[in-house]
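Before any comments, here is the structure.
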There are 2 protein chains.
Amino acid sequence: MARQRAFDRDTALHSAVLAFWRHGYEATSVAELTAAMGIRPPSLYAAFGDKRRLFEEALGLYQETYGAFTARALAEEPTGRQAIERVLREAATEFSAPEHPPGCMVVSAGVNCGPESAEVQELLRRQRERTKAAIQARFDDDAAAGRLPPGTDTAALATYYAAVLQGMSNQARDGASPEALTELAALAMRAWPATAAA
Amino acid sequence: MARQRAFDRDTALHSAVLAFWRHGYEATSVAELTAAMGIRPPSLYAAFGDKRRLFEEALGLYQETYGAFTARALAEEPTGRQAIERVLREAATEFSAPEHPPGCMVVSAGVNCGPESAEVQELLRRQRERTKAAIQARFDDDAAAGRLPPGTDTAALATYYAAVLQGMSNQARDGASPEALTELAALAMRAWPATAAA
DNA sequence: GTTCTTCTGTATCGATCACTACAGAAAGAG
DNA sequence: CTCTTTCTGTAGTGATCGATACAGAAGAAC
């Protein structure tokens with residue numbers, strides 16, 4: 001029927017992920033995006049709508065790839081404690097891997113945005129809250145199974161570990177090594193409430 | 001001799017602190033700054049040089065006022081443990097105080113900057129490292145005095161608490177209450193190494 | 001081949017960016 | 001008063017922002 005796209009949409013989207021991850025939403029210009037994606041502005045707008053919708057798609061791809069280790073650990077580990085311990089341990093490696101920008105895109109890509117990108121900030125904030133809620137859900141399982149002391153505030157515990165993850169992302173952006181982040185993760189696990197019986 | 005300035009320089013600088021604190025360095029435009037400071041661009045440039053130097057001065061004022069609680073706690077408390085415990089406790093209140101933007105300006109004002117503001121990012125990064133080093137120095141005192149188990153990695157401990165502080169700043173920016181942050185701080189203190197003798 | 005549709009590249013839109021030229025106004029020196 | 005100096009407001013600099021108008025090119029239907 002018509003002319004077909006001359007570039008691979010998924011490859012271009014992946015390049016956009018890396019660009020947004022490195023400099024954040026606002027600081028990544030369309031000119032920088034088109035250069036990274038190897039296309040011209042009209043192709044970008046035809047394929048992705050506008051900069052905001054491109055970011056939304058990029059964030060989705062990030063979650064399914066680089067950021068998927070969190071959901072995987074939370075789903076696969078038998079206990080909340082083992083789940084969060086694995087999340088922190090894998091984050092230490094992922095956040096400082098040299099193959100891609102440091103830290104976590106969900107944590108850092110929307111920090112310094114003006115009011116005109118309030119939608120994007122809100123999108124990221126909701127994602128951070130979803131992660132925190134998923135962590136707390138596993139802790140609630142532990143509490144229900146008696147693996148946490150009676151009366152443990154699982155919401156506060158989830159907030160604590162969410163903050164540690166965000167702090168690890170910041171440290172990685174400041175150049176922390178995988179080893180330093182792994183030590184950090186191990187220290188953070190010492191805050192886990194002691195159970196009376198094993 | 002000559003016409004004198006029609007605005008109060010310190011008051012204007014304080015307004016600049018709040019503007020930079022809220023939206024970060026790059027996302028705060030000169031137009032927004034002049035509006036917040038109640039002056040016109042030529043007055044800003046005559047009094048402060050340019051946007052970057054205004055930010056440097058604003059950061060200095062922030063450190064002497066809103067951000068001074070950290071240095072104060074580290075200087076005044078008798079032990080490293082008491083110092084970091086007070087830093088976290090006061091940060092819980094300061095980061096979520098309704099009188100000013102949430103979180104810590106040193107943590108959040110330079111996150112999403114492009115390469116053209118590398119100097120500002122580096123300025124903030126160095127400040128974060130100074131704070132981490134100041135924390136570790138107090139931990140080293142504790143280690144030398146036998147208040148920490150032999151062989152304790154004080155650098156890793158300082159990295160951990162620096163990350164917790166940054167995570168608390170992020171949580172505050174996401175709307176965490178002073179109470180939630182205080183609970184977070186208390187949990188973070190549970191990672192403190194147990195000493196064999198008291 | 002012709003037609004239709006969609007993509008691509010050039011070149012540009014108005015708006016905003018950090019920043020400043022310029023002229024008038026204000027205040028002390030004489 | 002005049003002179004000198006510095007500040008203030010208006011207005012506008014070139015550059016870049018996100019986003020597009022337009023025309024030509026590409027490919028399938030016929």
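Figures for the structure shown
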| item | result |
| --- | --- |
| Solvent-accessible area per residue for the stretch B:1-43 (1.4 angstrom probe, square angstrom) | 59 |
| Cα-projected label distance for residue B:177 with residue A:133, points at 7 Å along beta-carbon direction, nm | 1.9 |
| Label distances, nm, residue A:52 versus same residue in remaining copies, Cβ-directed 7 Å point | 3.3 |
| Ranked by how many other beta carbons lie within 10 Å on average, peptides A:46-53, A:19-26 from highest | A:19-26, A:46-53 |
| Exam field: residue B:75 pseudo-label spacings to other copies (7 Å along Cα-Cβ), nanometres | 5.3 |
| Net charge contributed by nearby residues that have their C-beta within less than 15 Å of residue A:77 (K/R +1, D/E -1) | 0 |
| Positive-pole candidate from A:92, A:78, A:120, dipole of the stretch A:44-198, charges at beta carbon | A:78 |
| Helix A:178-189 axis, angle to chain A major axis (alpha carbon atoms, nearest 10°) | 40 |
| Charge dipole magnitude, Cβ of K and R +1, D and E -1 - the stretch A:66-189, Cα centre, debye nearest 20 | 160 |
| Interface size B-A, as summed buried accessible area [1.4 Å probe, Å², nearest 100] | 3100 |
| Solvent-accessible area lost in complex, 30 Å² minimum, residues of the stretch B:8-57 relative to chain alone, 1.4 Å | B:23, B:27 |
| For residue B:10, solvent-accessible area (1.4 Å; no DNA, RNA or ligand), Å² | 110 |
| Protein accessible area in the protein assembly as shown, 1.4 Å probe - carbon and sulfur % | 52 |
| Complex-versus-alone comparison for the stretch B:100-114, residues with a loss of 40 Å² or more in accessible area, probe 1.4 Å | B:111, B:112 |
| Label point 7 Å beyond Cα along the C-beta direction, distances from residue B:146 to other copies (nm, shortest first) | 4.3 |
| For the stretch B:143-163, residues shielded by at least 50 square angstrom of accessible area compared with the chain on its own, probe 1.4 Å | B:160, B:163 |
| Global geometry of the protein assembly as shown, whether rounded, prolate or oblate, following the gyration tensor of its Cα atoms and the 1.5 cut on a/c | oblate |
| Residue A:82/residue B:118 FRET efficiency (R0 35 Å; Cβ-Cβ; nearest 0.05) | 0.30 |
| Per residue accessible area in Å² of the stretch B:68-189, where ligands, DNA and RNA are left out and the probe is 1.4 Å | 39 |
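The values are calculated or read from the model by the stated rules, or taken from the named source; none is laboratory data. Predicted, not measured: the structure shown is a model, and the values here were computed from it. Backbone-built Cβ (ideal geometry, glycine too); neighbour counts: all protein chains shown. Areas reflect the complete protein model, heavy atoms only, side chains present, ligands, DNA and RNA absent. Shrake-Rupley method; radii C 1.70, N 1.55, O 1.52, S 1.80 Å.
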